[in-house]
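Colleague: Below: one structure in structure tokens.
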């Protein structure tokens, strides 16, 4: 990391996890500020002006989803949530409330780092330039000309498939909930029709993946939504611009 | 010589009594010879003393009758306000039992034990109230006059010519913990009377004048003293029983009193009671129901019932025997019950009738070799005292509610006599046709046939009528001179006499035969009912079924509605929640039922408690207390309270109890078994956890401590190795913890499936992506045929199943062997499968695999608590599907689970075929 170190606020009540985050993140050049409770966390986030917030959903004093809502009142900085298993419902609610990504405990430190990087990148370059080209693995998408290639062979997509793909590209590396995708691609009236999304995701995989049953690009986050894998070797690990 | 030892049963009874005593309140009776001797005063004085000692004393009810001294005494003690009952316009002040129970003092003073409560009270008599107070553990002081004691009631009546009908059963008096006699010499009492210190009701002045004669008072005083002495004597005997310092063991006397439906019954019962008390013996009052007695009208049967009630109140066991031959039955019963003495009324038949027809008494005397027989005078003088006595008895037990008469008995009687006349007329007509062709003796036979027919069809009365008419008609129409009652030949007189006699005897025999047949038919029916009931109970599996069967059969037998009420968890009686049926007693009073349940005593119409209620309520007593209440609304109370019917009710209830307890025991056994299983599960869980958690923990602790202690001295590779160990072992523990949590969640039943429509490919893909790193060493072959439908599942759960199956395959197969995953579908179900080429399943244990904590190998390298497959089964079952496992041909295991297709997958509106290419 160069220049000024990115600032991260960790809102987590468990001291062991805080310690592990502090040591690990500090070693990777982040500046860390900690808070034990939701209320304290909101104050710390307000004073430290962080580049990213790591938030535990199971706080003793406040519902994590409420913390996100409060944060989203004044900042659009990325929020990564930490949740225990079997909390799919809370996880989805947190993502819908504006969280950017999630990690299920226990998680590996490399996973966390990867998520932080994706989130920070989106924060620096929000959205996607219409004139750029996206490339991941064997798939290349020319967003200006609205063309999609697999192994340099052009693939024909329907308008919805294309819209779905570009939406995923826009937030590549980030998890998108069913609700978010349905709203963005089909419109707010379709949020209950998640099977539409699944069917289209299926056809999209058949068109873009080498083995649709073992997808490399269009990943399923079971119970939550989908994620587009952004950094598939051997291609460049970031959007080419 | 045989050492004489106390009877164990008697000792046990004594122990039970002592135990009941310790829970019950203590009863002290202030006992006097007549009104005015100062019982109330004595009671209040002692109450005050108790108060001074610090006892919580309260006055329940005390009649001061405005006497100053009494009033002054009552002043200091708190009194419960009376309950005001509005009775036909007058306001009656009654003792408030509920208030007393609520107040729950240590000692309560309740005056006049023999008082009859106003209609609408819970109990008809005050002594019932007192019993309830004692049951509640409250000590009671009360007052009683000698003439109110049931067993002395008739004697006092005999002495004073005044009979009171407010009586207290002797059992209450005998079971009192203490009796204090309040004695005042007759002269002093008369003195007090003259001074107006004795309260006397105005209206009965004359009777009272009669009552308070010196002679009477002396006699009453003697009675009271003697009764108290008897009680002391009995106590003394009890004491000697206790201490086993008896020189003479009780002879085991048992007295049998036989009563019939006549006024002497009351005297027989009272005499039996006195005899039994003086001999300290058990006694039984039996009533033999012969065919003749079965023809009694309703009023007479009610009377009998009242007598038997009286006997029960006096502490007798009662029995109803039914038989043709009274004397044989009585003797047989006496032997069976080991009776030593029989009390009978003196024979009513006298002179030639006794000689000719015999007498029950004579037969018994002849047959009873080892029994003492007591005969009670039934002379005119004795009975002369009785007029109105019966009415009195019935009135005093009006609460039995049996006054209703059976209608139509008179109406049906007369046509029967007409039939008797008609049949005789018919035989006369037949005889007229035969006359001249046959001998006169043949005509006699025709007449006799007519009598038999009448007897068989219309009973005794018409048959007698028919016999007499036949003789008359025979004489009038056929014996010369014809058409006159005169007889020319004297020998016909013998014909008439024999004809009449034969007619009467044949008639009686036929009638008896008929009624016996009726009785046995009745018995057979009853046996049949019981049998059917027992069978119905036997096949009932739940308490509800039992209750239903009982309600139905009780309805059949007692011709009434009934309901069986059980308490809820808090012991409150509740109406059953299931839908009611034809025989259900809908308006049962739950308050009464609650009382019955709490006190384990019957209540309702015909009983001592709340006789004003519509139905009768019986406690259902199980082996460990009352388990419910049977509420019955009979069409006719006699159907329940006749002794034999009462026993039938008891039999029904005991059958019911057995059935219910059987079901409950079965349920308890089931629970116990489940508990035992849970226990053993917990043990295997603990064993598994202690192994599966400790192993990785040991590795983690070991590796991390090495890193901390010697981190700097270790080579880079070694450090890396140790770190990797920590990481992998922690992962292993995570999986284990997750499995345990999942299992707990599934078992708790708190899991709600979130079923949505998914492409099968996405589910399989999700799992494979997640397990990517762990599947590195195993080539995975995915087998998804094109065109698979959407499947409606909870994807998180189903992925869990696939993940567990894949992990299972990973665990048991060596690296490098292929694992296959696939799915197939037909119109009814979608099947997923996972197959490997590992060692396969232990043969014969395919089903055990899915049991909790089962592992293919006992303990060893393979980690995991053995919960994975159990979780799979739980999830698949929740989806309505099945899971099974089998060995594959060519080696390896195949796990397969199905999800039923319950509805057609949703359609999506196809997108317009408009491709993107905008070249």
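Colleague: Between residue B:723 and residue B:674, 0.36 nm times their residue separation minus their Cα-Cα distance comes to what?
Modeller: 13.2 nm
Colleague: With labels modelled as points extended 7 Å from the Cα through the Cβ direction, what inter-label distance (nm, one decimal) is found for residue A:146 paired with residue B:590?
Modeller: About 7.2 nm separates the two model spin labels.
Colleague: Using a simple spin-label model with points 7 Å from Cα along the Cα→Cβ vector, what separation in nm is obtained for residue B:904 and residue B:516?
Modeller: 8.2
Colleague: Simple spin-label model, 7 Å along Cα-to-Cβ: residue B:119 to residue B:187 in nm?
Modeller: Computed distance between label sites residue B:119 and residue B:187 equals 4.9 nm.
Colleague: Here's something else I'd like to know. Given the Cα-Cα distance of residue B:877 and residue B:71 and 0.36 nm per residue of separation, how much length would full extension add, in nm? Could you put the intermediate results ahead of the total?
Modeller: Details: separation 806, 0.36 × 806 = 290.16 nm, distance 8.05 nm.
Difference between extended and current length: 282.1 nm.
Colleague: Let me ask you something else. Relative to the longest principal axis of the C-alpha atoms of chain A, give the angle of the C-alpha long axis of helix A:159-170, reported between 0 and 90° and rounded to the nearest 10°.
Modeller: Around 30 degrees separate the two axes.
Colleague: Okay, next question. Using a 10 Å cut-off around each Cβ, can you sort B:55, B:510 from fewest to most neighbouring Cβ atoms?
Modeller: Ranked by crowding around the Cβ, least crowded first: B:55, B:510.
Colleague: Return the FRET efficiency for the residue pair residue B:542, residue B:346: r is the Cβ-Cβ distance, R0 is 51 Å, and the value is rounded to the nearest 0.05.
Modeller: Efficiency at R0 = 51 Å is approximately 0.30.
Colleague: Given R₀ = 25 Å, FRET efficiency for residue B:490-residue B:426 by Cβ-Cβ distance, to 0.05?
Modeller: The computed FRET efficiency comes out at 0.25.
Colleague: Another question, then. Taking R0 as 60 Å, what FRET efficiency do you get between residue B:650 and residue B:772 from their Cβ-Cβ distance, rounded to the nearest 0.05? Don't skip to the answer; put the middle values down first.
Modeller: On the way: r = 77 Å, r/R0 = 1.28.
For residue B:650 and residue B:772, the calculated efficiency is 0.20.
Colleague: Summarise the partner chain shielding of A:203-215 as one whole number: the mean count of Cβ atoms from other chains within 10 Å of each residue's Cβ.
Modeller: 4
Colleague: Before rounding to the nearest 500, sum -39500 (n - 2.57) across all DSSP H runs of length at least 4 in chain A and divide by the residue total; then give [θ] at 222 nm in deg cm²/dmol.
Modeller: -12000 deg cm²/dmol
Colleague: Determine the shape class of chain A: with a ≥ b ≥ c the square roots of the Cα gyration tensor eigenvalues, call it rounded for a/c under 1.5, and otherwise prolate if a/b is greater than b/c, oblate otherwise.
Modeller: Prolate, because a/c is 1.5 or more and a/b exceeds b/c.
Colleague: State the extension gain, in nm to one decimal, for the chain segment bounded by residue B:457 and residue B:502, taking 0.36 nm per residue of separation less the distance between their alpha-carbons.
Modeller: 14.4 nm
Coordinate-derived values only; no laboratory data. Remember, it's a predicted structure, so these values are computed and weren't measured experimentally. For neighbour counting, all protein chains shown are included, and Cβ atoms are generated from backbone atoms with ideal geometry for every residue, glycine included.
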